[in-house]
1. How fast does region 199-299 diffuse by Stokes-Einstein, in µm²/s, taking the Kirkwood radius from C-alpha pairs at 4 °C and 1.567 mPa s?
2. Of Lys51/Lys183; Lys77/Lys183; Lys151/Lys183, which pairs sit farther than 27 Å apart, going by alpha carbon to alpha carbon?
3. For a quick check of your reading of the filter: which trypsin sites (Lys or Arg not before Pro) in region 173-244 sit in a DSSP loop and have no more than 15 other Cβ atoms within 10 Å?
4. From the phi of every residue in region 192-198, what ³J(HN,Hα) in whole Hz does the Karplus formula 6.51 cos²θ - 1.76 cosθ + 1.60 yield, where θ is phi - 60° and glycine or proline is x?
5. Can you pull the percent of Cα pairs in region 153-214 with separation above 14 Å?
6. So how compact is the chain: Cα radius of gyration and Dmax in angstrom?
7. Output the 0 to 90 degree angle, nearest 10, between the alpha-carbon long axis of helix 66-90 and the longest principal axis computed from the alpha carbons of the chain.
8. For region 1-52, what value does the Rg/Rh ratio take when both radii are computed over Cα atoms and Rh is the Kirkwood radius, given to two decimals?
Amino acid sequence: MFSKLIDYALWPGILIAALIPTGYGIAHGHGPLAFNLTYFSLAAVLYFLEKWRPHEKDWLHSDGQEIPDLAHTAFTKTFVQLIVVSLTWLGLATVVGGELGTGIWPNHWHPFFQVVLGLVIAEFGLYWAHRVAHEWMPLWYFHAVHHSSKKLWFFNTGRFHIVDTIKSMIFSAPLLALAGAPKFVVEYFGAITAFIGFLTHCNIEMRFGWLNYIFNTPGLHRWHHSMDLREGNKNYGENLMIWDLIFGTYYDDHARRPPAKIGIKDGMPHSFWGQCLEPFRWKKFQTHVKAGSAKRKLM
């Protein structure tokens, strides 16, 4: 009974624990600092929890992708934060939503409900950015870098091609800007997206119950990484599942576990730079893979 209680309490407990110091920092004008300190602290917590309560024990073994995973994460995270800092420095953040929100934004609402509204609005863009990346091949070439992982763990949360990251930003950020979302909502959106992303990919045994119908949980996201496209082309939500439920792409099967064997059926270079170049030479590289002559290109 105690173990089952832990299973249900871990996911919401970790998320709330990460949001408390981040929210304190945002409220006192130190959002970026609080977020970064919490981000790295959360990484350490998830590392130990994966060792203690792994969902898939086979995923504890190295897949040889630690360096590319770290490089993708560092490159993407640095790029995104530079963009945010640059926009703030240029004054665009103040022009768009300011401290209180502009235009049609309901700044008279309680801050909690403003954050929820911001998440729902931005999620619409994230949902379609993700779905298009699966259903339109030119964008899939970039998104495939993420799906080429053979296992899920907190460390490969940021394994995204930079073009894939920019695409998601283009689909979501303008929606918050057009809605006139205030600065604190944007900061909460960025933090929640990062924390849920960490949790979504973690290899920790958890249970979610009704939370699966609200949030993108590890249980749902493991189906999304299935090699069976009837399961993999589902659950596109980044943080929330509202748009998957509305557009009919929600998937969960309570009768069985999500597959432990994940990845893509196509080839993918082993190195960071090879993965960065792969989408631009996709057809040529896959031809070499099928012909069995791609070894020298895996660099």
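Every read-out reported here was derived from the displayed coordinates using simple, explicitly stated rules and does not represent laboratory data. Remember, it's a predicted structure, so these values are computed and weren't measured experimentally. Backbone-built Cβ (ideal geometry, glycine too); neighbour counts: all protein chains shown.
1. Reported coefficient: 83 µm²/s.
2. The pairs that break the limit, which is 27 Å between Cα atoms, are Lys51/Lys183; Lys151/Lys183.
3. Details: sites: Lys183, Arg207, Arg222, Arg230, Lys234; in loops: Arg207, Lys234.
Sparse-neighbourhood loop trypsin sites (Lys or Arg not before Pro): none present.
4. 4, 4, 5, 5, 5, x, 4
5. Details: 1314 of 1891 pairs.
Of all Cα-Cα pairs in region 153-214, 69 percent lie more than 14 Å apart.
6. 19.3, 63
7. Here the helix axis deviates by roughly 30 degrees.
8. Dividing the radius of gyration by the Kirkwood radius yields 1.09.
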